[in-house]
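S.K.: Okay, handing you the structure first.
The values are calculated or read from the model by the stated rules, or taken from the named source; none is laboratory data. These numbers were taken from a predicted model, which means no experiment stands behind them. As a convention, Cβ positions derive from the backbone with ideal geometry for all residues, glycine included, and neighbour counts pool all protein chains shown.
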Amino acid sequence: MYCLSEQQIDYILDDIRRNGIETEDLQLNLLDHICCILERTLKEDDDFECLYQLTVKQFFKNELREIEEETINLLMFKNYYAMKKLMIVAGAISAAAFVLGSLFKIMFWPGASVLLCLAMLMFAVVFMPLMAVLKVKEKGTSGQKFATVTGALVAILFSLATLFKVQHWPGANILIFSTIGVAAFLYLPAYYLAGIRSADKKLDTIVTSVILVSGIGLLFTMVNLRPPRLAPAELQLCYNNEALVRNMLYSLPDTGAERAKSELVRNINATCEQIKSVIIFNATGNKALPANANNPQLGFYDRPVASYFSDDADAVALIKKLEMQLTQYRQTKSTDNGDILNIDMPELCKFPSSGALCLLSQLQIYLLNAEREKLVATIN
Amino acid sequence: MIFSTELLKGTLKTIVLKLLADNSKMYGYEITQRVKELTGDKIQITEGALYPTLHALEAEGLLTTEVEYMGKRVRKYYSLNESGKARSKEKVSELAEFIETMTFLLDLKKKTLNVLPQ
């Protein structure tokens, strides 16, 4: 009996893996089997590779991978009923949680969001994937199967996008764009091409495709490509704050020894103006707000300041400077001034651009007002 | 004559279970060889059908496995556990009944009075 060398065994194992057998168990089974056959048939002066190829050819009709696929098929079939049952249960739970959650929401009862999130998770993580797997196992063309898989993917992405959006988790927008992208460029063409070929489904396919296009279009309409634009009425508040600050600044003493007393407040004021200018630049593209709030050209895009502050070294330095100046200011005061004097990076990063502007303007007004009161007190 | 795979498809599980019931433990190649021997080459189990079946039977919890390391090779021995033995009996008697019915249906034996409905 011929004895196979280690190199020959490695060669066989490599070849089995290369030909698509991925289950380790099956790899080892086939390896042993092939070795047994070769050890019986090989003679000393035979060509090993040639005989190996001949042997392995008897194992399949078209390619070796068939064995792996058949194995997976048989294993899947065993779980088929369990999967089907789980799908139905998950679907029922999901539907019930959607209905109950909606009822709770209408009635303002506690627990509505928990129920709705549970419903979305059940739908996206359990029901849809199982549905796709079971549908794909059924008979059908590969086109239909591709449409089923991409359709399930769209449903999963959409429900995850909704979940992320309502939970304010990062990445919701990426999920929404993925939903629209997969729906428009993968699912819709796949569905259309799979259905249009059979004569009896042609009309249904066209009608459903039109509905799908409309649905994707409606979803896309709801998506903001740019951050939300501040409404003119809200923008007016920013302008009013600016006017107040300017007005109060005029009333500070502007000469000699008197001016020196208010030097710190003037410096804080200047730092605030610089930070505000960074915010305004990021929101509008200009360094300062234009003179007129009703300017139709003015677009104030109300992004969260966190989205541009953290990467901006100048802004970080300015805010550090402001923090130091405020610490200095607090040391000169004995009274408790509350939170209005506690502005730092984390605090600012809680706000959208308009809110951060407002926060800084309020700080300026507070300090300038305190200076003016001091002045009035000395005059009296 | 070699029987077609179409014919063997429904009986492969039974064949494997019966062989394992008669032999304490067997590995894949041994099973194919034994079937060949016993049937005088009339039935040849293909590797493409045998291994998926073995894995399915294992997943159904009918088999216990034992691994023997031989240098770089690993040989996996299969044997029946208790539920496997019970299933083997069921499957064999089911197939026997099936064969009887087919014999009758295809009129391979002279019909006798007690099988023929009145």
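S.K.: Does residue A:314 satisfy the criteria of being within 16 Å of residue A:238 (Cα to Cα), of a type in the set (Asp, Glu) and in the same structural domain as residue A:250 (by TED's automatic domain parsing)?
M.R.: Details: within 16 Å of residue A:238 (Cα to Cα): no; of a type in the set (Asp, Glu): yes; in the same structural domain as residue A:250 (by TED's automatic domain parsing): yes.
Judged against the criteria, residue A:314 is not a match.
S.K.: Take residue B:103 and decide whether it is within 9 Å of another protein chain (Cβ to nearest Cβ) and in contact with a Lys or Arg (Cβ under 7 Å, 6 or more places away or on another chain). I'd like the intermediate steps shown before the answer.
M.R.: On the way: within 9 Å of another protein chain (Cβ to nearest Cβ): no; in contact with a Lys or Arg (Cβ under 7 Å, 6 or more places away or on another chain): yes.
No.
S.K.: Sticking with this one: For the range A:1-15, how many residues meet the condition of being more than 13 Å from every other protein chain (Cβ to nearest Cβ) and in a helix (DSSP H, G or I)? Show your work before the answer.
M.R.: The first filter runs over the range A:1-15 and keeps only residues more than 13 Å from every other protein chain (Cβ to nearest Cβ), leaving A:1-2, A:15.
Among the residues that remain, those that are also in a helix (DSSP H, G or I) are: A:15.
Of the residues in that region, 1 qualify.
S.K.: Filter the range B:28-42 down to residues that are aliphatic (A, V, I, L, M) and either buried (at least 18 other Cβ atoms within 10 Å of the Cβ) or in contact with a strand residue (DSSP E or B) (Cβ under 6 Å, 6 or more places away or on another chain) (or both), then give me how many there are.
M.R.: First, the residues of the range B:28-42 that are aliphatic (A, V, I, L, M): B:31, B:35, B:38.
Within this subset, residues satisfying the condition of being either buried (at least 18 other Cβ atoms within 10 Å of the Cβ) or in contact with a strand residue (DSSP E or B) (Cβ under 6 Å, 6 or more places away or on another chain) (or both) are B:31, B:35.
Total satisfying the criteria: 2.
S.K.: For the subset of the range B:64-90 comprising residues that are of a type in the set (A, V, I, L, M) and more than 13 Å from residue A:29 (Cβ to Cβ), which member is surrounded by the most Cβ atoms within 10 Å (Cβ to Cβ)? Full working, then the answer.
M.R.: So in the range B:64-90, the residues of a type in the set (A, V, I, L, M) come out as B:67, B:70, B:74, B:80, B:86.
In the following step, the residues that additionally are more than 13 Å from residue A:29 (Cβ to Cβ) were identified as B:70, B:80, B:86.
On the way: B:70: 10, B:80: 24, B:86: 12.
Out of the qualifying residues, it is B:80.
S.K.: Go through the range B:5-89 and tell me which helices (runs of 4 or more DSSP H), entirely inside it, have 2 or more residues that are closer than 17 Å to residue A:23 by Cβ. Reasoning before the result, please.
M.R.: On the way: elements: B:5-9, B:12-22, B:28-39, B:47-59.
Qualifying helices (runs of 4 or more DSSP H): B:47-59.
S.K.: Can you tell me which residue among B:47, B:58 is surrounded by 14 or more Cβ atoms within 10 Å (Cβ to Cβ) and facing chain A (nearest Cβ under 8 Å)? Reasoning before the result, please.
M.R.: Details: B:58 fails: facing chain A (nearest Cβ under 8 Å).
It is B:47.
S.K.: Moving on to the next point. What do you reckon, is residue A:321 closer than 17 Å to residue A:278 by Cα, assigned by TED's automatic domain parsing to the domain that holds residue A:259 and assigned to a loop (DSSP other than H, G, I, E, B)? Steps first, answer last, please.
M.R.: Values: closer than 17 Å to residue A:278 by Cα: yes; assigned by TED's automatic domain parsing to the domain that holds residue A:259: yes; assigned to a loop (DSSP other than H, G, I, E, B): no.
So residue A:321 does not fit the description; no.
S.K.: Output the number of residues of the range A:16-50 satisfying the condition of being out of contact with any Phe, Trp or Tyr (no Cβ under 8 Å at 6 or more places or on another chain), surrounded by 13 or more Cβ atoms within 10 Å (Cβ to Cβ), within 11 Å of chain B (Cβ to nearest Cβ) and over 17 Å from residue A:6 (Cα atoms).
M.R.: 3
S.K.: Select the helices (runs of 4 or more DSSP H) contained entirely in the range A:126-219, then report the ones holding at least 1 residues which are over 27 Å from the mean Cα position of the chain (by Cα).
M.R.: Numbers: elements: A:128-137, A:142-167, A:172-182, A:188-196.
Hits in the range A:126-219: A:128-137, A:142-167, A:188-196.
Let's see how each residue does on (1) closer than 25 Å to residue A:71 by Cα; (2) in contact (Cβ under 8 Å) with a residue 40 or more places away in the chain:
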residue	(1), (2)
B:28	yes, yes
B:54	yes, no
B:60	yes, no
B:73	yes, no
B:92	yes, yes
B:104	no, no
